[in-house]
1. I'm trying to understand the selection: among the residues of region 24-45, which are in a strand (DSSP E or B) and either surrounded by fewer than 24 Cβ atoms within 10 Å (Cβ to Cβ) or on the phi > 0 side of the Ramachandran plot (or both)?
2. Identify the single condition in (1) crowded, with 21+ Cβ neighbours inside 10 Å; (2) closer than 20 Å to residue 69 by Cα that residue 145 does not satisfy, given that it satisfies every other one.
3. I need a count of the residues in region 5-23 that are surrounded by fewer than 22 Cβ atoms within 10 Å (Cβ to Cβ) and farther than 22 Å from residue 105 by Cα.
4. Quick check on region 204-214. Is at least one of its residues surrounded by 20 or more Cβ atoms within 10 Å (Cβ to Cβ) and under 17 Å from residue 70 (Cα atoms)?
5. For the condition on the phi < 0 side of the Ramachandran plot and at pLDDT 95 or above, what is the one hit in 208, 240?
6. For region 57-68, what are the residues that are in a helix (DSSP H, G or I) and touching a strand residue (DSSP E or B) at 6+ places or on another chain (Cβ under 9 Å)?
7. Could you pull out every one of the helices (runs of 4 or more DSSP H) wholly within region 69-186 that has 1 or more residues that are more than 24 Å from residue 206 (Cβ to Cβ) and touching a residue at least 60 places away in the same chain (Cβ under 8 Å)?
């Protein structure tokens, strides 16, 4: 078992609330400078910058994880991650019919840049990304899991769009064996669940330093796909053990 530093909740310039400087290459470079080994790109309701992020991470030796921060119909934010890029992009496509069809107002909310290799802008998502989907929390979790993904409530120690702030407690269904905190000092809020501590970074200087670690059954110099497989085994085990 090796200790991997991580940040599993980072937004790019595709999220309108993210800085335009949050390009895939810049994120990968900052992650490298911060000593991070595993980083998940989780834009609001979209995986569209994950392909460019994978390419950028390869140059820095960072293991990229594709995903999104999915907003449920209850306005709860859910980190939703996938083991491989192809599955993440299929999930992205499947989610589109459930998204709110509200035009993004760039002058109010910000840009929603879709990036290609080397941080070239290839397009923009015209629809406001952070809006709630029509999926309930139970349906959203079931959909992510049907694609082999892992989902868990984001920033439960934050009032805005946090599960505990919105519902007051963890629901009986769906069952979550994982939860995300912004700050480890709030550990009691997870009620014994396995924790991940991630930044929810919208600016480069907000990315985690190498202060939080997951112990995985993989070597630090293993290929990215092997490290992701070990990550998903560990997080999947935590979810399954909570069921028991």
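The values are calculated or read from the model by the stated rules, or taken from the named source; none is laboratory data. A quick note: this is a predicted structure, and the numbers were derived from the prediction, not measured. Positions of Cβ are backbone-derived with ideal geometry, glycine not excepted, and every protein chain shown enters the neighbour counts.
1. Listed by number, the residues that qualify are 38, 44.
2. The single condition residue 145 does not satisfy is (1).
3. Total satisfying the criteria: 1.
4. no
5. 208
6. Answer for region 57-68, where residues must be in a helix (DSSP H, G or I) and touching a strand residue (DSSP E or B) at 6+ places or on another chain (Cβ under 9 Å): 57, 58.
7. Of the helices (runs of 4 or more DSSP H) lying wholly inside region 69-186, those with at least 1 residues that are more than 24 Å from residue 206 (Cβ to Cβ) and touching a residue at least 60 places away in the same chain (Cβ under 8 Å) span 85-95, 137-146, 163-167.
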